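The block underneath contains the structure these notes are about, expressed in structure tokens.
The values are calculated or read from the model by the stated rules, or taken from the named source; none is laboratory data. Values in this document were obtained by computation on a predicted structure and should not be read as measured data. Here the Cβ positions follow ideal geometry from the backbone for every residue, glycine too, while neighbour counts run over all protein chains shown. All accessible areas refer to the heavy atoms of the entire protein, side chains included, with ligands and DNA or RNA removed. Shrake-Rupley method; radii C 1.70, N 1.55, O 1.52, S 1.80 Å.
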Amino acid sequence: MKLAAACTVAFAASANAFAPSNMAGNRATQLNAMKDDMAKVGAAALAGAAIFGATLPAQAITKSELNQLSYLQVKGTGLANRCSEVVGEDTITPKSGSRLVDMCIEPKAWAVEEEIGKAGKTEKKFVNSKVMTRQTYTLEGIEGSIKTDGGAITFVEEEGIDYAPTTVQLPGGERVPFLFTVKELVAKGNGGAFKPGFQMGGDFSVPSYRTGLFLDPKGRGGTTGYDMAVALPGLQSGEEGDAELFKENNKTFEVGQGRIEMEVNKVNADESEIGGVFVASQPGDTDMGSKVPKKILTKGIFYAKIQ
């Protein structure tokens, strides 16, 4: 009974994290500038993500503690897929030429936008989903330059393991693949120093989940393979050509756009470390142009070091 009750409370808390809500002050002002898909979720998603900063798992360790472990001590524990914990509530003012390095972005919860029917009407809502990918979905080693033009911090992502193919499953069993990424992120902050409450956010590019060399079950690909379904010649000849199967035959490499909002809640000036929570929205896989992408909402924690 206790376990069932705990699961119920946890599920409700997770669902409420995606519910729309209004917040006052600078947070509401900043989040209102987000894209339409993020606006549906609102500032409550970022506030809900803060739960992860307050209730870190027992196995969470700091970066210095992690660096002391050997490969065999980390192997099989899941620590390699986790972001380090930051202890402290200091303030760090980056100097000219500073860089943000060793950035880690770890998702904690996922939701997919679906059309929900109710009373003869349909409306779009984010539905909680379950990750099906093994523990390889965390972004790691991301780094980039920090600019302080105009007194506000701007982070420009340049390199690192900044993408991770991920698949989530909806309650009905449908699986939705997407490329979790922050490629070419330009995140603008609301202040000139990293401190608890500092926020930054911006747009990033979302490359195609598949590359040009991928071949589908019928041997069709973007840069190689057949240009039609060889087993179905009757549907791809005549006056109309392959109109019925055009999207499946015409493979394209599409680059979408996502958006992320981050909030710092821990700062360690001695180690030059910051940590906090994030909420990101991005399109899912298009199967190389043959499907309409679903919108994916991801929330979790992040870690970074100022160099």
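At-a-glance table
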{"item": "Options GLU244, GLU261, GLU271: the member that is acidic (Asp, Glu), outside any strand (DSSP E or B) and surrounded by 16 or more Cβ atoms within 10 Å (Cβ to Cβ)", "result": "GLU271"}
{"item": "Qualifying residue in the range 284-296 (condition: outside any loop (DSSP other than H, G, I, E, B), surrounded by 18 or more Cβ atoms within 10 Å (Cβ to Cβ) and modelled with pLDDT of 85 or more)", "result": "yes"}
{"item": "Subset tally (residues that are surrounded by 13 or more Cβ atoms within 10 Å (Cβ to Cβ) and either modelled with pLDDT of 95 or more or within 24 Å of the chain's Cα centre (by Cα) (or both)) for the range 93-127", "result": "19"}
{"item": "Residues being within 18 Å of GLY256 (Cα to Cα) and either open to solvent by less than 30 Å² (accessible area, probe 1.4 Å) or not in a strand (DSSP E or B) (or both) - total across the range 146-166", "result": "4"}
{"item": "Filter result for GLY202 (under 24 Å from the mean Cα position of the chain (by Cα) and of a type outside the set (A, V, I, L, M))", "result": "yes"}
{"item": "Test: residue in the range 211-224 that is closer than 19 Å to PRO283 by Cα and at pLDDT 90 or above", "result": "no"}
{"item": "Test set (1) β-branched (Val, Ile, Thr); (2) at pLDDT 85 or above; (3) farther than 25 Å from PHE155 by Cα - THR252 fails condition number", "result": "(2)"}
{"item": "Selected residue (criterion: nearest to GLU254 (Cα to Cα)) from residues of the range 167-191 that are open to solvent by less than 40 Å² (accessible area, probe 1.4 Å) and of a type in the set (S, T, N, Q)", "result": "THR181"}
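Results for (1) touching a Lys or Arg at 6+ places or on another chain (Cβ under 6 Å); (2) closer than 26 Å to THR154 by Cβ; (3) not basic (Lys, Arg), shown as yes or no for each residue.
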position: SER98; (1), (2), (3): no, yes, yes
position: ILE105; (1), (2), (3): no, yes, yes
position: TRP110; (1), (2), (3): no, no, yes
position: GLU113; (1), (2), (3): yes, no, yes
position: LYS121; (1), (2), (3): no, no, no
position: LYS130; (1), (2), (3): no, no, no
